[in-house]
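J.: Take a look at the following structure, please.
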Amino acid sequence: MKASQIPLFTMKEDPKDAQVASHRLLTRAGYIRKQAAGLYVFLPFGYEVFRKVEEIVRQEMNRFGAVEVHLPVITPAELWQQSGRWDIMGAEMMRMSDRHNNLFALGPTHEESITWLAAQFLQSYKQLPINLYQIGTKYRDEIRPRYGLIRCREFTMKDAYSFHMSDESLDETYQKMREAYRAIFERCGLATIAVEADSGNMGGSGSEEFMVASEIGEETLLLCENERGCGYRSNQEKTPFVPREVYHSGEPSPPQLVETPTQKTIEEVTTLLQQDPTLFIKTVIYETDESVILAFIPGDRDLSEVKLKNIAGGTNFAMASAETIRAVTGAEPGFAGPANLPVKDGEKIQMKNAAAQRVTKTVQIFFDHNIKNRGGLISGANKTGFHLKGLTDGRDFQSGETKDLVNAQAGDICPRCREQRLKSTKGIEVGHIFKLGRKYTQSMGLTVLDQNGKPFVPTMGCYGIGIGRTVATVVEQNHDEKGIIWPESISAYKYYLIGISKTAEEKALIEVLYQNMIDRGLSVYYDDRDERPGVKFNDADLVGFPWQVVAGKTYFEKGLIELKNRRTGEKTEVKPQELN
RNA sequence: CGGGAUGUAGCGCAGCGGUAGCGCACCUGCUUUGGGAGCAGGGGGUCGUUGGUUCAAAUCCAAUCAUCCCGACCA
């Protein structure tokens, strides 16, 4: 292809709304263009790369036994209502209606759709296992689209869904998908880290995420430290908390009220009372449409919202409003604690919601493992302006069956080997594999007949890769101050041909060289613009094809071209026939 | 949705009550041609939108929309 056929869309200056390397460079080099927040046009080079990634994904999925289909982007509301996600998905799901006022959603994901499809033709255990996938457009009305292709509202995902008669069969496919994912990312030139992950609102049991280590990563990963480590890798959301040192009790004493008129945070109260934050009980209050949730955790640590949400369940999980806090503690926010709490676990209370309607919510109370059987603790007194000292589990409050509620962090003990410390790194999620279980097959009513002729509800797996995000993370990992450095496997073109000619005769010679390369089936982009050499060199570096071919003086004199490796900068003079 | 910031030519920006400007890009011509050329000429903007204040608004005020950054969702 020539510049006169596919123009370059390069820019000299960074667009001001692009913050991260991939967004900046993909825009400047003319691969993508933003049309609205989280909505991007793929320009010719960008679409070429996109299709290369897609093709690698397709090949590997096929190789590992998956079958490609294509599902509609517009999905009828009934499917979502059947699974119960029409309400749960909330504003993230873009909705629309047709001329008959039938409701639809622009599919943010396709579990319902594929399960509906499976129910159309799956009848017998003999048809299982089966793994169906598609490469399709998804719509998610993200609260905050960000970082160019990394977080879009319209994006392309390869999503695969497998159906099985047994957990063993699911496990087998799950392992195959894991291998396929490794192969895909490796072929794309991406270094990924597979970590244990939380399943989020997808439901199901096991799941792993494929992460690309990056400073702009939105996930925190915890890894078992160094070579002696056990290899444990997990998303912080999922990592069980194992404290570095056992939490000890404080001085035993009867409960004592202390005045803390303005001190609300743990930090303020520790300063006032001159006590270690580990002796505090931090109270965190959340609410859902159905319940008010109180969590009690060690004062020096942060609550894991994901863990709490998974334990508590419910819809529209969010921090409790000040009004709710007053309703359950009888005090202003900042003075809540487990002792003298006016409400009990499981109690139903009347309160007003944000729309000032009267609602009934159930109180749920959870204690972290590290509160159990301890004494001499300090916490809010459920009385505005006061805290309580000398609190003891079993006497002043009942921790009952405790939970893991705390976010693990770097420096904590590895929950698997229980020896090494964890270290942390930031990561971008490019792929995610789940063991989904029967959540969708059950709700969508998918059954097949088993060996005994009895109806059986198959179990499911699902496996996703963000195509555009993969492109973006490749750029995050492969660039320098001059531009992008594409791995050969997904570069739009292999060679960037720069002709430097002073006369029409010379230009004609380069044209012949280009034609020869094309005739030999080489992937080459010829910059035939009438620009000065410097302009072309800079654009070649910016768009980042792996090899630059310069045809100039040495070509006219000796018939040799200069071959430059974009990554290493290494230059050699070769005969054109040597290119492949 | 909360907190912060920004909307002026394709891109990056200045102007902050008195006729709309700069650099790059673009068009024409000449000269140039191995790391973002020079000269000369030229085209292009209802100053995000709506309303207000004023003799006069890009500029002041209000509302609204959009975009970006920081927090809760996800490939």
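The values are calculated or read from the model by the stated rules, or taken from the named source; none is laboratory data. Source: prediction; values computed, not measured. Cβ: placed from backbone, ideal geometry, glycine included. Neighbour counts: every protein chain shown.
J.: Counting only residues that are surrounded by 15 or more Cβ atoms within 10 Å (Cβ to Cβ) and over 38 Å from the mean Cα position of the chain (by Cα), give me the strands (runs of 3 or more DSSP E) lying completely in the range A:307-396 with at least 1 of them. Please lay out each step first, then the result.
T.: Numbers: elements: A:348-352, A:358-367, A:377-383, A:386-391.
Because the criterion is at least 1 residues that are surrounded by 15 or more Cβ atoms within 10 Å (Cβ to Cβ) and over 38 Å from the mean Cα position of the chain (by Cα), the strands (runs of 3 or more DSSP E) in the range A:307-396 that meet it are A:377-383, A:386-391.
J.: Report, by residue number, each residue of the range A:448-476 that is out of contact with any helix residue (DSSP H, G or I) (no Cβ under 9 Å at 6 or more places or on another chain) and away from RNA strand B (no atom under 12 Å from the Cβ).
T.: Matches in the range A:448-476: A:452, A:453, A:454, A:455.
J.: Next up: Give me the pairs, please: first residue somewhere in the range A:139-155 and within 11 Å of residue A:92 (Cα to Cα), second residue anywhere and assigned to a strand (DSSP E or B) and within 7 Å of RNA strand B (Cβ to nearest atom), beta-carbon distance under 7 Å, and either six or more positions apart or on two chains.
T.: Every condition considered, the pairs that remain are A:142/A:151.
J.: Does any residue of the range A:42-62 turn out to be farther than 23 Å from residue A:487 by Cα and in contact (Cβ under 8 Å) with a residue 40 or more places away in the chain?
T.: Within the range A:42-62, the first condition is being farther than 23 Å from residue A:487 by Cα, and the residues that meet it are none.
Scanning the range A:42-62 turns up no residue that is farther than 23 Å from residue A:487 by Cα and in contact (Cβ under 8 Å) with a residue 40 or more places away in the chain.
J.: Being assigned to a strand (DSSP E or B), at pLDDT 95 or above and within 30 Å of residue A:443 (Cα to Cα), is that true of even one residue in the range A:473-485?
T.: The answer is no; no qualifying residue exists.
J.: Further question: So, in the range A:141-163, exactly how many residues are assigned to a loop (DSSP other than H, G, I, E, B) and more than 8 Å from RNA strand B (Cβ to nearest atom)? Give the derivation first.
T.: Within the range A:141-163, the first condition is being assigned to a loop (DSSP other than H, G, I, E, B), and the residues that meet it are A:141-145, A:147, A:152-153.
After this cut, where a residue has to be more than 8 Å from RNA strand B (Cβ to nearest atom) as well, the list is A:141.
Final tally of qualifying residues: 1.
J.: Further, regarding this structure: For residues that are touching a Ser or Thr at 6+ places or on another chain (Cβ under 6 Å) and modelled with pLDDT under 95, tally how many sit in the range A:155-169. Walk me through it before giving the result.
T.: Residues of the range A:155-169 that are touching a Ser or Thr at 6+ places or on another chain (Cβ under 6 Å), as a first pass: A:156, A:162, A:164.
Imposing the further condition that a residue be modelled with pLDDT under 95 reduces the set to none.
Final tally of qualifying residues: 0.
J.: State the number of residues belonging to the range A:205-239 that are of a type in the set (Phe, Trp, Tyr), surrounded by fewer than 20 Cβ atoms within 10 Å (Cβ to Cβ) and closer than 21 Å to residue A:150 by Cβ. Before the answer, list the steps.
T.: Step one: list which residues in the range A:205-239 are of a type in the set (Phe, Trp, Tyr), which gives A:210, A:232.
Checking which are surrounded by fewer than 20 Cβ atoms within 10 Å (Cβ to Cβ) leaves us with A:232.
Imposing the further condition that a residue be closer than 21 Å to residue A:150 by Cβ reduces the set to none.
Within the range A:205-239, residues that are of a type in the set (Phe, Trp, Tyr), surrounded by fewer than 20 Cβ atoms within 10 Å (Cβ to Cβ) and closer than 21 Å to residue A:150 by Cβ number 0.
J.: Farther than 30 Å from residue A:282 by Cα and without any contact (Cβ under 8 Å) to a residue 40 or more places away in the chain: which single residue out of A:469, A:438 fits that description? Give the steps one after another, and end with the answer.
T.: On the way: A:469 fails: without any contact (Cβ under 8 Å) to a residue 40 or more places away in the chain.
Only one candidate qualifies: A:438.
J.: Moving to a separate point now. Give the residues of the range A:400-411 that are in a loop (DSSP other than H, G, I, E, B) and crowded, with 21+ Cβ neighbours inside 10 Å, sorted by residue number. If you could, list the steps in order and put the result at the bottom.
T.: Within the range A:400-411, the first condition is being in a loop (DSSP other than H, G, I, E, B), and the residues that meet it are A:400-402, A:404-405, A:407-411.
Passing the criteria: A:405, A:408.
J.: Examine the range A:385-396 for a residue that is among the hydroxyl-bearing types (Ser, Thr, Tyr) and either more than 16 Å from RNA strand B (Cβ to nearest atom) or over 30 Å from residue A:163 (Cα atoms) (or both), and state whether such a residue exists. First the steps, then the outcome.
T.: Within the range A:385-396, the first condition is being among the hydroxyl-bearing types (Ser, Thr, Tyr), and the residues that meet it are A:392.
Of the ones still in play, those that are also either more than 16 Å from RNA strand B (Cβ to nearest atom) or over 30 Å from residue A:163 (Cα atoms) (or both) are A:392.
Scanning the range A:385-396, I find at least one residue that is among the hydroxyl-bearing types (Ser, Thr, Tyr) and either more than 16 Å from RNA strand B (Cβ to nearest atom) or over 30 Å from residue A:163 (Cα atoms) (or both), so the answer is yes.
J.: What residue, among those in the range A:405-444 that are in contact with a Leu (Cβ under 8 Å, 6 or more places away or on another chain) and among the hydroxyl-bearing types (Ser, Thr, Tyr), is nearest to residue A:128 (Cα to Cα)?
T.: Applying the first criterion (in contact with a Leu (Cβ under 8 Å, 6 or more places away or on another chain)) to the range A:405-444 yields A:405-414, A:422-427, A:430, A:435, A:440, A:444.
Now narrow it down to the ones that are among the hydroxyl-bearing types (Ser, Thr, Tyr): A:424-425, A:440.
Details: A:424: 40, A:425: 40, A:440: 16 Å.
Restricting to residues being in contact with a Leu (Cβ under 8 Å, 6 or more places away or on another chain) and among the hydroxyl-bearing types (Ser, Thr, Tyr), the top hit is A:440.
J.: Consider residue A:427 carefully, then state whether it is within 30 Å of residue A:261 (Cα to Cα) and either outside any strand (DSSP E or B) or in contact (Cβ under 8 Å) with a residue 60 or more places away in the chain (or both).
T.: On the way: within 30 Å of residue A:261 (Cα to Cα): no; either outside any strand (DSSP E or B) or in contact (Cβ under 8 Å) with a residue 60 or more places away in the chain (or both): yes.
Judged against the criteria, residue A:427 is not a match.
J.: Do you know which residues across the range A:110-120 are closer than 22 Å to residue A:176 by Cβ and either surrounded by fewer than 19 Cβ atoms within 10 Å (Cβ to Cβ) or more than 29 Å from the chain's Cα centre (by Cα) (or both)? Can you show your working first?
T.: Start the filter on the range A:110-120 by keeping residues that are closer than 22 Å to residue A:176 by Cβ, which leaves A:110-111, A:114-115, A:117-118.
A:117, the sole residue that qualifies.
J.: Tell me yes or no: at least one residue of the range A:524-531 is in a loop (DSSP other than H, G, I, E, B), among the aliphatic types (A, V, I, L, M) and touching a residue at least 40 places away in the same chain (Cβ under 8 Å).
T.: Going through the range A:524-531, the residues in a loop (DSSP other than H, G, I, E, B) turn out to be A:528-531.
Cutting the leftovers down to among the aliphatic types (A, V, I, L, M) gives us none.
Looking through the range A:524-531, none of the residues is in a loop (DSSP other than H, G, I, E, B), among the aliphatic types (A, V, I, L, M) and touching a residue at least 40 places away in the same chain (Cβ under 8 Å).
J.: Name the pairs whose Cβ atoms lie under 6 Å apart, with the first residue in the range A:16-28 and within 16 Å of residue A:542 (Cα to Cα), the second more than 7 Å from RNA strand B (Cβ to nearest atom) and of a type in the set (Asp, Glu), and 6 or more positions between them or separate chains?
T.: The qualifying pairs are A:21/A:476; A:22/A:476.
J.: Is it the case that residue A:556 is assigned to a helix (DSSP H, G or I), within 11 Å of RNA strand B (Cβ to nearest atom) and either farther than 23 Å from residue A:45 by Cβ or polar (S, T, N, Q) (or both)?
T.: In short, yes.
J.: I need the strands (runs of 3 or more DSSP E) fully contained in the range A:164-260, keeping only those with at least 2 residues that are of a type in the set (D, E, K, R). Before the answer, list the steps.
T.: Values: elements: A:193-196, A:207-213, A:219-224, A:233-235, A:256-259.
Fully inside the range A:164-260 and qualifying: A:207-213.
J.: Go through the range A:122-140 and count every residue that is away from RNA strand B (no atom under 16 Å from the Cβ) and within 24 Å of the chain's Cα centre (by Cα).
T.: Start the filter on the range A:122-140 by keeping residues that are away from RNA strand B (no atom under 16 Å from the Cβ), which leaves A:122-132.
From the residues that got through so far, the ones that are within 24 Å of the chain's Cα centre (by Cα) too are A:131-132.
Adding up the residues that qualify gives 2.
J.: Only one of these is within 16 Å of RNA strand B (Cβ to nearest atom) and under 22 Å from residue A:174 (Cα atoms): A:507, A:502, A:439, A:482. Name it. I'd like the intermediate steps shown before the answer.
T.: Numbers: A:507 fails: under 22 Å from residue A:174 (Cα atoms); A:502 fails: under 22 Å from residue A:174 (Cα atoms); A:482 fails: under 22 Å from residue A:174 (Cα atoms).
A:439 is the lone residue from the list that is within 16 Å of RNA strand B (Cβ to nearest atom) and under 22 Å from residue A:174 (Cα atoms).
J.: Give me a count of the residues in the range A:1-53 that are touching a Pro at 6+ places or on another chain (Cβ under 9 Å), crowded, with 18+ Cβ neighbours inside 10 Å and of a type in the set (A, V, I, L, M, F, W, C).
T.: The total comes to 0.
J.: Here is a follow-up. Scan the range A:485-501 residue by residue and report those that are surrounded by 22 or more Cβ atoms within 10 Å (Cβ to Cβ), closer than 20 Å to residue A:531 by Cβ and of a type in the set (Val, Ile, Thr).
T.: A:498
J.: Restricting attention to the range A:487-503, does a residue exist that is in contact (Cβ under 8 Å) with a residue 24 or more places away in the chain, farther than 30 Å from residue A:216 by Cβ and of a type in the set (Phe, Trp, Tyr)? Break it down stepwise before answering.
T.: Residues of the range A:487-503 that are in contact (Cβ under 8 Å) with a residue 24 or more places away in the chain, as a first pass: A:487-501.
Okay, now just the ones that are also farther than 30 Å from residue A:216 by Cβ, so A:495, A:497-501.
Within this subset, residues satisfying the condition of being of a type in the set (Phe, Trp, Tyr) are A:495.
So far as the range A:487-503 goes, yes, one or more of its residues are in contact (Cβ under 8 Å) with a residue 24 or more places away in the chain, farther than 30 Å from residue A:216 by Cβ and of a type in the set (Phe, Trp, Tyr).
J.: All but one of (1) over 13 Å from residue A:2 (Cβ atoms); (2) under 40 Å from the mean Cα position of the chain (by Cα) hold for residue A:527, so report the exception by its number.
T.: (1)
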